Amino acid sequence: MRLILLLSLVTIAAFAQTAPGFSTGNMDMTANPCLDFYQYACGTWMANNPIPPDQSRWDTLGKLQDENLAVLRGILEKASANDPKRSAVEQKIGDFYASCTDEATIDKLGSKPLDPELKQITAIKSKDQIADALVRLHLLGVGAFFNFTSEPDAKNSTQMIAGIDQGGLGLPDRDYYLKDDPKSVKLREGYVAHVQKMLALLGESPAQAAADAQAVLRIEKELAKGSLDRVSRRDPNQTYHKISVKELAALSPGIDWTKYFAGLGTPSFTEIDVSFLDFFKTLNAVLTNTSLADLKTYLRWHLLHAEATLLAKAFLDENFHYYGQTLTGAKELEPLWKRCVNATDGDLGFALGQKYVEQAFPPDAKARVLGMVQEIEKMLGQDIQSLDWMTPGTKQQALVKLRAVANKIGYPDQWRDYSSVKIVRGEAVGNDERATEFEVRRQLSKIGQPVDPGEWTMTPPTVNAYYSPLHNNINFPAGILQPPFFDNRMDAAVNYGAIGAVMGHELTHGFDDQGRQFDAQGNLRNWWTPQDAAEFEKRAECFIKEYSAFTPVDGVHLNGKLTLGENTADNGGVRLAFRALMTSLDGKPQPKIDGFTPQQRFFLAYGQDWCQNTRPEASRLRAQIDPHSPGRDRVNGVIGNMPEFREAFACHAGQPMVHAPACRVW
Ligand SMILES: [Zn+2]
């Protein structure tokens, strides 16, 4: 699954301006579009939109998210008034939000809500009891040691199977443990200091907390060494190993798997996809070679880490100090109401989303969006047919895959039923735990069941979109189908440039370096001739070189291999959307609007999708872990490859926005 964004976006009211929309007022008219188109499209926006203190990055998506959060806040404040006429859905979301915003109660409780789990960890007498503790922790979404859930079988994509993956790290990536440059060493030292402070807040003596923090780092460093790196994980063949449960037990006998699976109450199964086999050998070595006391410390830390944002202020502040300030450069914690709107969306998002859609996404919008998506799909069909580098047999297969793509727009047909989740006023942690447990169990119950093609993984208010290679579908939550991405008030050029490019982007993911390895049914199956695959890779190599040359922050280059899929999708997406616009205009002469031709407005709207300011800390973090390029490179990287852009702005060869060579796959 690929998203157009990686990290959750959250914003601050003080900086919210008028309703966002495409505007020539965002442009820097003193810039030359052929020298730096991003500055031309976004220069005034960037000058007028400094990063709010509680953010590490501020952009067009963040501003839209801000609008959506305000709508959701209205819904939640109304639902949290203790009105006896509330519907069942309103009771759940309203009481959840009311508990989350009840700071006085949260502060009074300190870390008390974690007592049952802390006691269970303390009571562990021997290593074979670790499986029992993991059952409880994994039901609460605590990421200790590894991740276990259900997934479509990549080679039999109509069936859900058990899947287990590497995990167990507190830092954002394995490389944070392994790199020895001064910056990485400093961030690692900061992490140890953070773990120490958190454990001290839990009541450990300073000396004990210091020793325990070192133990956590030792364990996580070993797990990191045994983890597959991010670029290799982009290759679906490297992360699919269906083996028997017996083989898993032989690989990692340190965990009592029978007890673990039974404790979680999963349906019975005999086969499991182990994404990376070596990791489970490493895990076994860690369990064998680490003292029981240190393993218990590690579990305690991960519990605390997972729940920190719902605990008393001291925990919350220390968590922000490291994960917000040190890692991303944010200056302040977000206001409480925003954190709680996001928490409600995270835990009960398909209940909250139901109310959101009623307010923000009418049926006629859904119909119009679907029409645009279908136009763009038609363009990809024409594109595939016209390719000079692909043989007819492979083209045929590509067209079969394209025709099978399912379009999911706005929100699911069936709303999720949360009636079994108990939400109690005053229990912020308890509510979160019960909602998380409900979701974990819901996922696990799918093992052995057929795949549900109608299920959504993003909540309706989310400002994001995705393509799922295993389902071969594209998904556009109602949250992104809002101005400035989709705007009823705007001309076709702006809508195709803004949301059309996102639609084309998601569709192209089905045919990027990852997506192309899956067939029409979502099976991991090679349908390319060796010759066509080699031609694809030759073209992809051009993107790898192009984007590897970009430097988002001093001394840091983008990773052209990590970002290849997203860059391929951006380039293909804008091209498809442009063609769809041209088709809709049908060669008829068009008046200029605000002094710009439709072609120019198309590119300006695309550019303004990605107007952005980013703190250097966040740029550094994202260059390591984010498969998406920063806004500037998403814009200039794409338009420089397009002769249509060159023509629209009368740029000439040799100028920076006219790339040589111009890269193109789709
Ligand atoms: Zn994407």
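The values are calculated or read from the model by the stated rules, or taken from the named source; none is laboratory data. This one's a predicted model, so the numbers in the text were calculated from it and none came from an experiment. Please note: Cβ atoms are built from the backbone with ideal geometry, for glycine as well, and neighbour counts cover all protein chains shown. For accessibility, only protein heavy atoms count, side chains too; no ligands or nucleic acids. Shrake-Rupley method; radii C 1.70, N 1.55, O 1.52, S 1.80 Å.
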Subset of region 487-516 (residues that are among the polar types (S, T, N, Q), within 16 Å of the ligand (Cβ to nearest atom) and open to solvent by 10 Å² or more (accessible area, probe 1.4 Å))
GLN514
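Just checking, does region 155-175 include any residue being modelled with pLDDT of 95 or more, more than 21 Å from the chain's Cα centre (by Cα) and part of a helix (DSSP H, G or I)?
Narrowing region 155-175 to residues modelled with pLDDT of 95 or more: 155-175.
With the extra rule that they be more than 21 Å from the chain's Cα centre (by Cα), the set shrinks to 155-162.
Imposing the further condition that a residue be part of a helix (DSSP H, G or I) reduces the set to none.
Checked region 155-175: no residue is modelled with pLDDT of 95 or more, more than 21 Å from the chain's Cα centre (by Cα) and part of a helix (DSSP H, G or I).
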All but one of (1) among the charged types (D, E, K, R); (2) surrounded by fewer than 19 Cβ atoms within 10 Å (Cβ to Cβ); (3) assigned to a helix (DSSP H, G or I) hold for ARG575, so report the exception by its number.
(2)
Are there any pairs, at least 6 apart or on different chains, whose C-beta atoms fall under 6 Å, with the first in region 541-569 and modelled with pLDDT under 95 and the second part of a helix (DSSP H, G or I) and within 15 Å of the ligand (Cβ to nearest atom), and if so, which?
none
Among the residues of region 326-362, the number that are under 28 Å from ALA569 (Cα atoms) and open to solvent by 50 Å² or more (accessible area, probe 1.4 Å) is 1
What number of residues within region 214-229 are in contact (Cβ under 8 Å) with a residue 60 or more places away in the chain, of a type outside the set (Asp, Glu) and in contact with a helix residue (DSSP H, G or I) (Cβ under 7 Å, 6 or more places away or on another chain)?
7
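For the structure I just gave you, tell me whether GLY430 is open to solvent by less than 40 Å² (accessible area, probe 1.4 Å), more than 16 Å from the ligand (Cβ to nearest atom) and not basic (Lys, Arg).
On the way: open to solvent by less than 40 Å² (accessible area, probe 1.4 Å): yes; more than 16 Å from the ligand (Cβ to nearest atom): yes; not basic (Lys, Arg): yes.
In short, yes.
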Of all residues being open to solvent by 30 Å² or more (accessible area, probe 1.4 Å) and among the polar types (S, T, N, Q) in region 240-267, which is farthest from PRO469 (Cα to Cα)? Just the residue, please.
THR258
Subset of region 518-552, residues touching a helix residue (DSSP H, G or I) at 6+ places or on another chain (Cβ under 7 Å) and within 16 Å of the ligand (Cβ to nearest atom), comes to ALA540, PHE543, TYR547
Hey, LYS588 of a type in the set (Lys, Arg) and in a loop (DSSP other than H, G, I, E, B) or not
yes
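How many residues does region 302-334 hold that are in a helix (DSSP H, G or I), in contact with a Gly (Cβ under 7 Å, 6 or more places away or on another chain) and among the hydrophobic types (A, V, I, L, M, F, W, C)? Lay out the reasoning, then the answer.
Applying the first criterion (in a helix (DSSP H, G or I)) to region 302-334 yields 302-310, 313-328.
From what's left, in contact with a Gly (Cβ under 7 Å, 6 or more places away or on another chain): 302, 305-306, 322, 326.
From the residues that got through so far, the ones that are among the hydrophobic types (A, V, I, L, M, F, W, C) too are 306.
So the count comes out to 1.
Quick one: count up the residues across region 418-434 that are of a type in the set (Gly, Ala, Ser), on the phi < 0 side of the Ramachandran plot and out of contact with any Leu (no Cβ under 6 Å at 6 or more places or on another chain). Even if it seems obvious, please write down each step before you answer.
Within region 418-434, the first condition is being of a type in the set (Gly, Ala, Ser), and the residues that meet it are 419-420, 426, 428, 430.
Checking which are on the phi < 0 side of the Ramachandran plot leaves us with 419-420, 428, 430.
Restricting the remaining residues to those that are out of contact with any Leu (no Cβ under 6 Å at 6 or more places or on another chain) gives 419-420, 430.
Counting residues in region 418-434 that are of a type in the set (Gly, Ala, Ser), on the phi < 0 side of the Ramachandran plot and out of contact with any Leu (no Cβ under 6 Å at 6 or more places or on another chain) gives 3.
Residue by residue, here is whether (1) within 16 Å of the ligand (Cβ to nearest atom); (2) open to solvent by 10 Å² or more (accessible area, probe 1.4 Å); (3) part of a helix (DSSP H, G or I) holds:
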| site | (1), (2), (3) |
| --- | --- |
| ARG622 | yes, yes, yes |
| PRO627 | yes, yes, no |
| ASP633 | yes, yes, yes |
| ASN636 | no, yes, yes |
| ALA653 | no, yes, no |
| ALA660 | no, yes, no |
Do you know which residues across region 335-372 are out of contact with any Phe, Trp or Tyr (no Cβ under 9 Å at 6 or more places or on another chain) and outside any helix (DSSP H, G or I)?
PRO335, PRO362
Hey, MET490 hits all of (1) at pLDDT 95 or above; (2) touching a Phe, Trp or Tyr at 6+ places or on another chain (Cβ under 8 Å); (3) aliphatic (A, V, I, L, M) but one; which does it fall short on?
(1)
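Being within 24 Å of GLY21 (Cα to Cα), out of contact with any Pro (no Cβ under 8 Å at 6 or more places or on another chain) and more than 16 Å from the ligand (Cβ to nearest atom) narrows it down to one residue among GLN608, GLN590, GLN600; which is it? Working first, answer last.
Numbers: GLN608 fails: out of contact with any Pro (no Cβ under 8 Å at 6 or more places or on another chain); GLN590 fails: out of contact with any Pro (no Cβ under 8 Å at 6 or more places or on another chain).
One residue alone meets the criteria, GLN600.
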Matching residues in region 29-38 (surrounded by fewer than 18 Cβ atoms within 10 Å (Cβ to Cβ) and either within 19 Å of PRO616 (Cα to Cα) or hydroxyl-bearing (Ser, Thr, Tyr) (or both)) number 1
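Please go through region 391-409 and give me each residue that is of a type in the set (Val, Ile, Thr) and either open to solvent by 20 Å² or more (accessible area, probe 1.4 Å) or under 28 Å from GLY479 (Cβ atoms) (or both), ordered by number. First the steps, then the outcome.
Residues of region 391-409 of a type in the set (Val, Ile, Thr): 391, 394, 400, 405, 409.
Answer for region 391-409, where residues must be of a type in the set (Val, Ile, Thr) and either open to solvent by 20 Å² or more (accessible area, probe 1.4 Å) or under 28 Å from GLY479 (Cβ atoms) (or both): THR391, VAL400, VAL405, ILE409.
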Looking at SER205, is it touching a helix residue (DSSP H, G or I) at 6+ places or on another chain (Cβ under 7 Å), more than 24 Å from THR288 (Cα to Cα) and surrounded by fewer than 17 Cβ atoms within 10 Å (Cβ to Cβ)?
no
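Does GLU535 qualify as being at pLDDT 95 or above, in a helix (DSSP H, G or I), surrounded by fewer than 21 Cβ atoms within 10 Å (Cβ to Cβ) and not aliphatic (A, V, I, L, M)? Lay out the reasoning, then the answer.
Numbers: at pLDDT 95 or above: yes; in a helix (DSSP H, G or I): yes; surrounded by fewer than 21 Cβ atoms within 10 Å (Cβ to Cβ): yes; not aliphatic (A, V, I, L, M): yes.
Taking the combined requirement at face value, the residue satisfies it.
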Of all residues in region 547-566, count the ones that are open to solvent by less than 20 Å² (accessible area, probe 1.4 Å) and in a loop (DSSP other than H, G, I, E, B).
4
Would region 460-471 turn up any residue that is away from the ligand (no atom under 15 Å from the Cβ), touching a strand residue (DSSP E or B) at 6+ places or on another chain (Cβ under 8 Å) and closer than 30 Å to THR24 by Cα?
yes
Go through (1) more than 14 Å from the ligand (Cβ to nearest atom); (2) of a type outside the set (Ser, Thr, Tyr); (3) touching a helix residue (DSSP H, G or I) at 6+ places or on another chain (Cβ under 6 Å) and name the single condition VAL451 misses.
(3)
Selected residue (only one of ASN559, ASN567 is out of contact with any Gly (no Cβ under 9 Å at 6 or more places or on another chain) and either within 18 Å of ARG664 (Cβ to Cβ) or within 16 Å of the ligand (Cβ to nearest atom) (or both)):
ASN559
